[in-house]
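Worksheet: one structure, shown below.
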Amino acid sequence: MNTQSLRLLNTLPPLEALVSFEAVARCGSFTRAARELSITQSAVSKQIKGLEEALRCALFDRHVRGIQLSAAGASFLEELEPLLYKLHRAVLRVQHEHDTQAISIACTQAVAHFWLFPRVVRFNQMYPDIAVNIISSNTINERSCNDSDFGILYGDGDWPSLEGTRLFPEIVYPVCSTELSLPQPETVADLCSLPLIQLDSRAWDCMDWQDWFKHFGLIYDTPRNAITFNQVTLVFNAALEGLGVSLGWDYMARQAIDSGKLRQLGGFAYETGRWDYLVHAKHRPLTEPAQIFHDWLV
């Protein structure tokens, strides 16, 4: 190992700490991140503390109601997330060269957690010899989907290099915890006076409250003191915790509604006409395991 490599190694935080930070930022909770990583909450806390010491700044603001990314943390996550995604993708690509029974699928974090993961579990029970590797990132696009066997991509289905099959439509409506005592709104305008959890989606293509109200012909101004998150999964978890009303995408919210954890507020739903598609590269024939997975999922 040369001097330059040693210098680089000494300045980089441990990979475990970076992975823990990404998990906590995405889950919005040390407990949920620990559960996902299959380690203790104490271990996650130590990883984050060590990372903050190495970076010499606080990555999270701690509140009585939970944690939230600090300005430095949000900026760091924006830089780190695509790098971890590329590293994961590189590892899977090398593995695929030696394992013809493995397939990979890229999708957003919300789709991975709320829609795809339960289905992959069921698929694995039926086809235990086929390994499905999920690559989750909110920065996926047509190009990155070409790097995996499959992608789940949101849009109108028009991608020149990809074949696409519709999976589920985009249907969005207000949801809140069943334990949160709020009046049932009679009109869309009635929602404006409720504690709405905000989604800051400026860095990626996703609907926020202003977009949602605009569909119903209303102009909505975000309150200055509104709770705001920059990830759909964080907004959804905040609603589950009873912090207010969030936008609920049907593919995410349906199970929680059916199980009694969430309730839909009013009968107002915005069906955008756009879908999430299962896509794969047009120029590359599907392997036998990939074809089995495609037919099963569709």
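Taken together, ALA256, ALA290 contain a single residue that is of a type in the set (A, V, I, L, M) and assigned by TED's automatic domain parsing to the domain that holds ILE135, which is ALA290. Taken across region 177-193, residues that are in contact (Cβ under 8 Å) with a residue 12 or more places away in the chain, over 30 Å from ILE227 (Cβ atoms) and surrounded by fewer than 18 Cβ atoms within 10 Å (Cβ to Cβ) do not occur at all.
Do we find that LEU162 is in contact with a Cys (Cβ under 7 Å, 6 or more places away or on another chain), surrounded by 16 or more Cβ atoms within 10 Å (Cβ to Cβ) and under 22 Å from PHE236 (Cα atoms) in this structure? For LEU162, the condition - in contact with a Cys (Cβ under 7 Å, 6 or more places away or on another chain), surrounded by 16 or more Cβ atoms within 10 Å (Cβ to Cβ) and under 22 Å from PHE236 (Cα atoms) - is not met.
Highlighted here are the strands (runs of 3 or more DSSP E) found entirely within region 125-194 that include at least 3 residues which are assigned by TED's automatic domain parsing to the domain that holds ASN230: 162-177.
Within region 195-223, the set of residues being polar (S, T, N, Q) and either in contact with a Leu (Cβ under 6 Å, 6 or more places away or on another chain) or in a strand (DSSP E or B) (or both) comprises just one member, GLN198.
Residues that are surrounded by fewer than 22 Cβ atoms within 10 Å (Cβ to Cβ) and either touching a Phe, Trp or Tyr at 6+ places or on another chain (Cβ under 9 Å) or in contact (Cβ under 8 Å) with a residue 24 or more places away in the chain (or both) within region 142-151 comprise GLU142, SER144, ASN146, ASP147, listed in sequence order.
Within region 240-284, take every residue that is among the acidic types (Asp, Glu) and in contact (Cβ under 8 Å) with a residue 12 or more places away in the chain and give me the one that is farthest from HIS113 (Cα to Cα). By that ranking, first place goes to GLU271.
Determine, yes or no, whether PHE236 is modelled with pLDDT under 95, surrounded by 16 or more Cβ atoms within 10 Å (Cβ to Cβ), aromatic (Phe, Trp, Tyr) and touching a Leu at 6+ places or on another chain (Cβ under 8 Å). Against the criterion (modelled with pLDDT under 95, surrounded by 16 or more Cβ atoms within 10 Å (Cβ to Cβ), aromatic (Phe, Trp, Tyr) and touching a Leu at 6+ places or on another chain (Cβ under 8 Å)), PHE236 does not qualify. You will find that of ARG35, ARG26, the residue that is within 24 Å of SER136 (Cβ to Cβ) and either more than 22 Å from the chain's Cα centre (by Cα) or in contact (Cβ under 8 Å) with a residue 60 or more places away in the chain (or both) is ARG26 and no other. Out of ASP211, ASP221, one residue alone is within 26 Å of GLU142 (Cα to Cα), free of Cβ contacts under 8 Å to residues at least 24 places away in the same chain and not assigned by TED's automatic domain parsing to the domain that holds PHE114. It is ASP211.
Looking at region 107-117, is at least one residue surrounded by 15 or more Cβ atoms within 10 Å (Cβ to Cβ) and part of a strand (DSSP E or B)? Yes: region 107-117 contains one or more residues that are surrounded by 15 or more Cβ atoms within 10 Å (Cβ to Cβ) and part of a strand (DSSP E or B).
The residue of region 11-40 that is farthest from LEU80 (Cα to Cα), among those that are among the small types (Gly, Ala, Ser) and in a helix (DSSP H, G or I), is ALA34.
The values are calculated or read from the model by the stated rules, or taken from the named source; none is laboratory data. As the structure is a computational prediction, the values presented were derived from the model and not from experiment. Every residue, glycine among them, receives a Cβ derived from its backbone with ideal geometry; neighbour counts consider all protein chains shown.
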